[in-house]
Amino acid sequence: MHKLDGRAKAMVVTPSRLHAVRYLLECRRQIEEKGYRDMDVLVAFSGEVEDEGNTYTEVKLNKTKSGETVQEKQLPEVFRSDDFGMLIVAEKYQTGFDEPLLHTMFVDKKLSGVKAVQTLSRLNRTMRRKQDTFVLDFVNTAEEIKASFEPYYEETVLEQETDPNVIAQVFFSGKDQAAGDIGALKATIRPAEDRYRRWKTRRRNLFKTTLTQVCRMFDKDIHKFSVYAKFLAMTLPKG
């Protein structure tokens with residue numbers, strides 16, 4: 001909620017309309033219980049949902065701060081306002097929804113193939129000051145998501161934390177370079193590159209100067225780090 005100058009928004013992807021309704025009611029209960037004044041939530045699903053003798057619809061559940069009903073066509077615009085920070089969805093808005101403020105996604109639904117790509121790609125819309133996105137997935141494994149993306153990209157590498165050991169493992173593998181090796185190296189080094197690009201010139205220069213002084217030592221870990229540092233130094237922007 002502190003991203004994008006406090007305007008960042010989140011989406012909760014649920015496995016059914018009933019789940020969406022129950023998520024919404026629980027979120028609102030906790031918002032009220034904890035006394036939050038700076039957040040509210042909307043829901044998106046089709047048709048009617050029956051639960052414990054109550055009938056729910058999207059329109060009945062979504063209200064503005066002033067108590068006005070949010071019609072289905074109004075929902076994207078209302079969600080874009082500063083009054084709402086989270087949208088809970090069941091099927092709807094997982095495709096074709098272009099909201100640059102959408103930064104975070106909570107996934108509680110099995111995703112695969114093109115559906116996984118379309119859903120997670122809701123976060124890809126760019127805007128000024130948007131430097132990252134975040135997905136918290138409770139259901140799908142990293143391998144399953146990777147498999148879903150691979151048909152659409154020549155090289156799919158899921159970024160973990162920057163780890164010099166990954167660079168060293170490829171560098172010292174003793175085998176001929178495979179097609180995916182450069183992609184693996186670049187994906188591993190990219191988080192450091194992105195941090196570097198956000199720095200001001202003075203800090204960049206100091207970092208570059210220090211980085212090129214990292215030398216190989218008899219210590220195995222320092223040796224690995226020197227390989228990482230050398231590769232990073234070559235990939236940093238020139239000038």
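Determine the gain in length on full extension of the stretch Asp221-Thr64; use 0.36 nm per residue of separation and subtract their C-alpha separation, reporting nm with one decimal. Walk me through the intermediate numbers first.
Values: separation 157, 0.36 × 157 = 56.52 nm, distance 5.64 nm.
My answer for the length gained is 50.9 nm.
Just by accessible area at a 1.4 angstrom probe, what is the order of Met86, Met11, Met127 from largest to smallest?
Ranking Met86, Met11, Met127 by accessible area, largest first, yields Met127, Met86, Met11.
Using alpha carbons only, how many degrees (0 to 90, rounded to 10) separate the axis of helix 201-211 from the longest principal axis of the chain?
50
Report the antiparallel proportion of the DSSP beta bridges in region 35-107 as a percent, rounded to a multiple of 5. Write out the running numbers ahead of the final one.
Working: 5 of 9 bridges.
In region 35-107, DSSP labels about 55 percent of beta bridges as antiparallel.
Which angle from 0 to 90°, rounded to the nearest 10, does the C-alpha axis of helix 181-197 make with the longest principal axis of the chain?
Once rounded, one gets 80 degrees.
For the full complex of protein chains and a 1.4 angstrom probe, list Arg195, Arg129 by accessible area with the highest value first.
Largest to smallest exposure gives the sequence Arg129, Arg195.
To test your reading of the geometry: what angle, between 0 and 90 degrees and rounded to tens, separates the Cα axis of helix 17-34 from the longest principal axis of the chain?
Its long axis makes an angle of about 90 degrees.
Could you list, in their original order, any pairs among Lys9/Lys34; Lys63/Lys130; Lys65/Lys115; Lys73/Lys115; Lys3/Lys34 whose Cα atoms are separated by more than 26 Å?
On the way: Lys9/Lys34 20 Å; Lys63/Lys130 28 Å; Lys65/Lys115 33 Å; Lys73/Lys115 23 Å; Lys3/Lys34 22 Å.
The answer is Lys63/Lys130; Lys65/Lys115.
Okay, helix-only estimate at 222 nm for the chain: each DSSP H run of n ≥ 4 adds -39500 (n - 2.57), divide by all residues, round to 500 deg cm²/dmol; what do you get?
Taken over the chain, the calculation gives -12000 deg cm²/dmol.
Give the residue from Thr14, Cys27, Asn124 lying farthest towards the positive end of the charge dipole for the chain; charges sit on Cβ (+1 for Lys and Arg, -1 for Asp and Glu) and the dipole is referred to the Cα centre.
Of the candidates, Asn124 comes out farthest on the positive side.
Over the chain, with the other protein chains present, what is the accessible area per residue in square angstrom, probe 1.4 angstrom? Working shown, then result.
On the way: 14990 Å² over 239 residues.
Value returned for the chain: 63 Å² of accessible area per residue.
Can you give the net charge of the other residues whose Cβ lies under 13 Å from the Cβ of Lys238, counting K and R as +1 and D and E as -1?
Values: positive: Arg197, Arg204, Lys208; negative: Glu193.
Around Lys238, the surrounding residues sum to +2.
Looking at the chain only, what percent of DSSP beta bridges run antiparallel? Nearest 5 please.
Given both bridge residues lie in the chain, the antiparallel proportion sits at roughly 25 percent.
The values are calculated or read from the model by the stated rules, or taken from the named source; none is laboratory data. From a predicted model like this one, the values you see are computed outputs, not experimental measurements. All Cβ positions, even for glycine, are placed from backbone atoms using ideal geometry, and neighbour counts span all protein chains on display. Note: areas computed on protein heavy atoms with side chains; ligands, DNA, RNA excluded. Shrake-Rupley method; radii C 1.70, N 1.55, O 1.52, S 1.80 Å.
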